[in-house]
Amino acid sequence: EPEVTQTPSHQVTQMGQEVILRCVPISNHLYFYWYRQILGQKVEFLVSFYNNEISEKSEIFDDQFSVERPDGSNFTLKIRSTKLEDSAMYFCASSGTGEKLFFGSGTQLSVL
Amino acid sequence: KNEVEQSPQNLTAQEGEFITINCSYSVGISALHWLQQHPGGGIVSLFMLSSGKKKHGRLIATINIQEKHSSLHITASHPRDSAVYICAVQKTSYDKVIFGPGTSLSVIP
């Protein structure tokens, strides 16, 4: 089965530092998403991306967050100045037309 | 109020038991997803439903659009079924997925 690939699997950073989380969605998919899950809580939506632009974003997705699809294959989430409360598992997902969602295995971000 | 609710929150079963996890939602949807999350954290899509019933191996998912309710059944449960099962909905195609709180299932040998 095709896979969504996320790197790195773990990222440790100091508060205030910038981090970039990377995702390679399934090649013929058109819709891309970032979600996050704080330990012990449910998965929360961050942002959706279609046709090279953000289609929807949540209240969590403030000015510190940005997404890019720089080269037609990678899909990145950047956090400019990390805060302690950004510590979470971040999931990338993609879908095609009328298809189920495919999730990456996640990046565990720890902000110290 | 949460848009997606699940019950039970936690479930322990003996190997071989028939298991049912319920999901209710309060919004109009175009699709409902059942997802599985293992202790390592990865999320796997089990089913995407817009009506009726789907079956895959020992897993069966049903949805009643009028009652805004879905169930996930596991027949002949096995310890490897131990995971968190998550119900999630989409209001329109390609819309964000709204996650439920999950049901933590533990199947004991």
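A few comments on the model shown:
- B:Ser45 exposes around 20 Å² of accessible area when a 1.4 Å probe is run over every protein chain in place.
- Beta bridges per DSSP with both ends in chain B, % antiparallel, nearest 5: 90
- Interface size, chains B and A: roughly 1600 Å² of accessible area buried, both sides included, 1.4 Å probe, rounded to the nearest 100.
- Using a cutoff of 8 angstrom between alpha carbon atoms and counting only pairs six or more residues apart, the relative contact order for chain A works out to 39 percent.
- Candidates per trypsin sites (Lys or Arg not before Pro) in segment A:43-89, loop by DSSP, up to 16 other Cβ within 10 Å: A:Arg80, A:Lys83
- Rg/Rg_globular for chain A, with Rg_globular taken as 2.2 N^0.38 Å and Rg from C-alpha atoms: 1.00
- Two-decimal log10 I(q)/I(0) for segment A:21-82, as the Debye equation yields it once each C-alpha is a single scatterer, q = 0.13, 0.25, 0.29 Å⁻¹: -0.34, -1.16, -1.39
- Its Cα centre serving as origin, the protein assembly as shown has a Cβ charge dipole (Lys and Arg +1, Asp and Glu -1) of approximately 380 debye.
- Counted over the protein assembly as shown, the DSSP beta bridges are approximately 90% antiparallel.
- Remark: for residue pairs A:Lys78/B:Lys53; A:Lys42/B:Lys54; A:Lys57/B:Lys53; A:Lys57/B:Lys68; A:Lys83/B:Lys91, the C-alpha separation exceeds 28 Å in A:Lys78/B:Lys53; A:Lys57/B:Lys53; A:Lys83/B:Lys91.
- The percentage of C-alpha pairs in the protein assembly as shown whose separation is greater than 20 Å is 59%.
- In segment B:1-105, Cα pairs under 8 Å separated by at least six residues give a relative contact order of 37 percent.
- Nearest-0.05 FRET efficiency for A:His10 and A:Asn51, computed from C-beta distance (R0 30 Å): 0.40
- Qualifying aspartates and glutamates (Cα of each under 12 Å from Cα of B:Lys96; at least 8 residues distant if same chain): A:Glu44, A:Glu56
- Relative contact order (percent, whole number), segment A:1-40, Cα cutoff 8 Å, 6+ residue spacing: 43
- Among the GluC sites (Glu not before Pro) in segment A:26-112, those located in a DSSP loop and surrounded by at most 12 other Cβ atoms within 10 Å of their own Cβ are A:Glu59.
- Interatomic Cα distance distribution for chain B, bins of 10 angstrom, percent: 15, 50, 29, 5, 0
The values are calculated or read from the model by the stated rules, or taken from the named source; none is laboratory data. Bear in mind the structure is a predicted one, so any value in this text is a computation, not a measurement. Don't worry about glycine lacking a Cβ; one is built from the backbone with ideal geometry, like all the others, and counts go over all protein chains shown. We work out accessible area using only protein heavy atoms, side chains counted, and drop any ligands, DNA or RNA first. Shrake-Rupley method; radii C 1.70, N 1.55, O 1.52, S 1.80 Å.
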